[in-house]
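The values are calculated or read from the model by the stated rules, or taken from the named source; none is laboratory data. Note that the structure is a prediction, hence the values are computed from the model and not measured. So basically every Cβ, Gly included, is an ideal-geometry build from the backbone, and we count neighbours across all protein chains shown. Only protein heavy atoms, including side chains, enter the accessible area calculation; ligands, DNA and RNA are left aside. Shrake-Rupley method; radii C 1.70, N 1.55, O 1.52, S 1.80 Å.
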Amino acid sequence: MAQEFPERPTGHWHLQDAHELARQHGVDPAHGLREEEASRRAEHHGPNEIQGRPGRGPMGLLLDQFKDFMIVVLIAAAVVSGVIGDLVDTLAILVIVLLNAVIGFVQAWRADRAMAALQQLAATHATVLRDGQAQVIAAAQLVPGDIVLLEAGNQIPADLRLIEIAQLKVDESALTGESVTVEKHAATLTGMVHALGDRLNMAFKGTTATHGRGRGLVVATGMATELGKVAGLLDRDIDRSTPLQLRLASFGKRLALAVIAICIVIFLVGVLRGEDSVLMILTAVSLAVAAIPEALPAVVTVLLALGARRMVSLNALIRRLPSVETLGSVTFICSDKTGTLTQNRMHAELLLADGQEWAPGSEAPGALHLELLRAAVLCNDANRNREGVWQGDPTETALTQVALEHGLDKADLDRHFERVQELPFDSERKRMTTLHRVDDGFIAYTKGAPESVIPLCSSQWRVDGLVPIQHEAVLAAADALAAQGLRVLAIASRPHATLPVPGEVGSVESGMSLIGLVGLIDPPRLEAAAAVRDCVTAGIRPVMITGDHPATALAIARRLGIATDGYTQVLTGAELAAMDESVLYERVATVRVYARVDPAQKIRIVEALQARGEFVAMTGDGVNDAPALKRADIGVAMGRGGTDVAREAASLVLLDDNFATIVAAVREGRRIYDNIRKFVRYAMTGNSGEIWTIFLAPLMGLPIPLLPIHILWVNLVTDGLPGLALAAEPAERGIMQRPPRPPQESLFANGMWQHILWVGLLIGGLCLLVQAWALSTGHAHWQTMVFTVLTLGQMAHVLAIRSETESLWRLGLGSNRPLLGAVLLTFVLQLGTIYVPVLNPIFKTEPLSLAELSICLGAAAVVFIAVEIEKLWLRRKRQSLA
């Protein structure tokens, strides 16, 4: 077991030799910690997390439910009523207020739990060396002494003392404010005082590797890191309100003023008519509590958070809650090709050397083809894990696999031809180079895009030796392979008598000899073509953006249906760079395939589409994709192959890197937004019915139809379970056959506010009609009947609005069992208030006769039938417009 070591001041790490530090931490940099030792240290040091402000506890959530001004007024009025002498009413009202608070607490608790689960899923990860094997773990599990492997795009998971680097550059702006990336080294610093930005042999938690690779020793975790020291700057409340919540909150405030004005009128009219003033105060305040939709934003939070959790089962992780509501507005999906539209399982289709094609597996390769394979394996960063499975870039693993099948083992080659220097791949050069030690000096192998490598070659390999290269002929051969849908790589070499100066690209990648071309295929995903068809029928235009060859991109696009058979328009990165904004504005409307596009050019495509009023989802996985992901309306990052930077910038992460998942997320986003609209339609219509009932009664010469206990009970049982059960409503038929929703469209568009108005009037009118009939015919139970009509009318309404157009009988009663159960439970509870003797004095109700109950049920049925007639009219209207 490694020795216990003391925490050292972070100011000393950069002044000590890296290998000496590793010895002090009891770790071999080539092997990493043992798992049992890592577990022991985790218990000692705790999780590698920045401690923020603690979340709201259960008691805080419960107390939040009583902070609303109208609730406080109602409690005060109830207490006054009890002091005057009506203790039963006071207790009943307080119990119902408490039940409302419990429901609100449960909603808030579920929302917090859902958000916490999403944040846990979105937690960053790190690649560490443990027990001699590279493995990916949650960054929170890192401990001092861990050996972390870094690549471009990784977020630095802890404070690291760098042990070895390969052109590693780090963006430290998040910590130091310095916008220029910092080039790192592993040497020990001299002197005593070094600012954070000058500690070039350190990599700090929260910063980002932007270039190259590295290996570092974890020297500080959690609050002991430099970022942890300034954690107070991060300890701030973040407003997670979505645009929809903000609009609803603003609407609710305006509506509240109107409702309060109505309540004042009701109070004054009642008092002038001789009603008891305390009763009228309770009635007015109860109506305000029931009618003011203060809970709408909170319920929307629950629906959005639960919807986001459900999306995880579809392999779509929502990082920003507003994305759930905006997914339904997407009009363009700009997707990478490799791994998203295709299987990301490259395999070598053929090798071309000296004009001779060789297909792996067909026959034994020739000498030049073997040399081509050897170069492809040496200029390669793939490796095998303990199970013998190749890890790394799919193109590189495909090359190592085909070479192994023909007797060339990468591990053996790496031992015989030691890599001594490298120029890592980057998106600007579109190639990588490695230098290896050989008997008479060194040899450089370069692998990359044909148009990037071939112009740098002065000769090419032939069976009889090197000959001058025919650039146009070789490029034409590469184009011919790409036209078949193959990804083409050019591989070249150059001998060096002495080792070139590190980082001098020009002296290494020039005057090379082309060995040959390799054609690889990444077949389209089986489900991608169906997803593309779904996009088209949903009014969403899928666009492919790739760094691959134009012919390759077009061939795959045609197989997927993104481009039709007659489509030939492919916009390349070079053409894009030459366009001004006005020309690009016109072209983006029709271009469906972009090829050889740099990540930095994606942002121009996004902005041009947005300038045309389009709502854009953009996928990306690299460091340079982050600006485009942020600029897009929906940034989509890759969960498997993406970088930490891309995931941080994105609002949606694909856990399976699959294009079909984007389409599934759009479908789910449309369903969630539809259900939010249904809940708002239901809640606001019920509130409208309650307001009309109480407001119009005195104006029509009728007594106040409902007591405060009735109003609060209706609000409790109708706004609770039935409303939330709408979240489980399945997607409507044809949800992906309608056009995207305009982003600025009001929640109350498409006739919703008219529906709220007329159905609310209908419910209120039926309540008053039953009241007037009962009073005129001498029925003493008129108030219980109004109470029952109001409750059952809202239950009939919630069943009818499960779809905006389809009949309930076509949907099927059992297709939303939570809602059916909630409606039945509400019906039973309502009957309990009428027929359970002990509840009669509490709710001021009396048992209804069968005839009276039948009238109440008939009035509720009128609401259901009226809404079904409205839907029939809407169906016929849409059919006539189709």
For His471 and Leu91, calculate 0.36 nm times their separation in residues minus their Cα-Cα distance, and state this gained length in nm to one decimal.
127.6 nm
Provide the three semi-axes, in whole Å and in decreasing order, of the ellipsoid equivalent to the stretch 500-652 as defined by the square roots of 5 times the Cα gyration tensor eigenvalues.
28, 20, 18
Which percent of the accessible heavy-atom area of the stretch 287-433 goes to carbon and sulfur, probe 1.4 angstrom?
47 percent
Quick check for me: using +1 on Lys/Arg Cβ and -1 on Asp/Glu Cβ, what's the dipole size of the chain about its Cα centre, in debye to the nearest 20?
2620 debye
For the stretch 737-882, take N as its residue count and report Rg(C-alpha) divided by 2.2 N^0.38 Å.
1.23
Calculate the FRET efficiency for Asp198 and Arg875 from the Cβ-Cβ distance with a Förster distance of 51 Å, rounded to the nearest 0.05.
0.10
What is the angle, in °, between the Cα long axis of helix 752-776 and the longest principal axis of the Cα atoms in the chain? Nearest 10 is fine, range 0 to 90.
20 degrees
Equivalent ellipsoid semi-axes, the stretch 666-797, via Cα gyration tensor eigenvalues times 5, rooted, Å
35, 15, 11
Among the lysines, select those whose C-alpha is under 18 Å from the C-alpha of Lys871, and discard any that sit fewer than 8 residues away in the same chain.
Lys678
For Cys457, distant residues with modelled amide H under 5 Å away:
Met512
Which one, Ala480, Leu850, Ala367, projects farthest toward the positive side of the charge dipole computed for the chain from Cβ point charges (K/R +1, D/E -1)?
Leu850
Square roots of five times the Cα gyration tensor eigenvalues for the stretch 326-378, Å:
39, 11, 10
If I take every Cα pair under 8 Å that is 6 or more residues apart in the chain, average their sequence separation and divide by the length, what percent do I get for the relative contact order?
11 percent
By the C-alpha gyration tensor axes a ≥ b ≥ c (rounded if a/c is under 1.5, else prolate when a/b exceeds b/c, else oblate), the shape of the stretch 677-732 is oblate
What do you get for the angle between helix 599-611 and the principal long axis of the chain? Use alpha-carbon atoms, 0 to 90 degrees, nearest ten.
30 degrees
Below 21 Å, Cα to Cα, which lysines can Lys337 reach? Residues fewer than 8 away in the same chain don't count.
Lys430, Lys447, Lys602, Lys630
At R0 = 51 Å the Cβ-Cβ FRET efficiency linking His19 and Glu451, nearest 0.05, sits at 0.75
Could you give the C-alpha radius of gyration of the stretch 532-581 expressed as a fraction of 2.2 N^0.38 Å, taking N as the number of residues it contains?
1.25
How long, wide and thick is the chain, going by the Cα atoms along their three principal axes, in whole angstroms, largest first?
115, 70, 47
With every protein chain in place, the stretch 660-712: carbon and sulfur % of accessible area (1.4 Å):
70 percent
Could you work out the helix-only [θ] at 222 nm for the chain, with each DSSP H run of four or more residues adding -39,500 (n - 2.57) and the total divided by the number of residues, to the nearest 500 deg cm²/dmol?
-15000 deg cm²/dmol
Label model pair Thr568, Arg817: point-to-point distance (7 angstrom along the Cα→beta-carbon line) in nm is 5.8 nm
Computed P(r) (all Cα pairs; the stretch 539-615; 10 Å bins; percent)
19, 54, 26, 0
From phi via Karplus (6.51, -1.76, 1.60), per-residue ³J(HN,Hα) for the stretch 425-434 in Hz, x at Gly/Pro
5, 9, 6, 7, 7, 6, 6, 9, 9, 10
How large is ³J(HN,Hα) for each residue in the stretch 399-410, as worked out from phi by the Karplus curve 6.51 cos²θ - 1.76 cosθ + 1.60 (θ = phi - 60°), to whole Hz, x for Gly and Pro?
5, 5, 5, 5, 5, 4, 5, 10, x, 10, 8, 4
Going by amide H atoms built from the backbone, whose H comes under 5 Å of the H on Gly751, apart from near neighbours?
none
Would you mind giving the average projected area, over all directions, of the Cα convex hull of the stretch 576-675 in nm² with one decimal?
6.8 nm²
Relative contact order computed over the stretch 766-833 (Cα-Cα under 8 Å; 6+ residues apart), in percent
23 percent
Just how many % of Cα pairs in the stretch 489-530 lie over 15 Å apart, if you round to the nearest whole percent?
62 percent
Restricting to the chain, compute how many DSSP beta bridges are antiparallel as a %, nearest 5.
75 percent
Take the Cβ-Cβ distance between Glu49 and Leu655 as r, set R0 to 25 Å, and report the resulting FRET efficiency rounded to the nearest 0.05.
0.65
So what's the convex hull volume per residue for the Cα atoms of the stretch 423-556, in Å³?
133 Å³
Crossing angle, helix 243-272 versus the chain [Cα axis fit, 0-90 degrees, rounded to tens]:
10 degrees
How many Å² of accessible area per residue for the chain, probe 1.4 Å?
42 Å²
Accessible area of the stretch 119-173 belonging to carbon and sulfur atoms, whole % at 1.4 Å probe
42 percent
Filtered GluC sites (Glu not before Pro), the stretch 493-555: DSSP coil and at most 11 other beta carbons within 10 Å:
Glu504
Per residue of the stretch 199-214, in order, report the coupling 6.51 cos²θ - 1.76 cosθ + 1.60 (Karplus, θ = phi - 60°) as ³J(HN,Hα) in whole Hz, putting x for Gly and Pro.
8, 6, 9, 10, 10, 9, 3, x, 8, 9, 6, 10, 7, x, 9, x
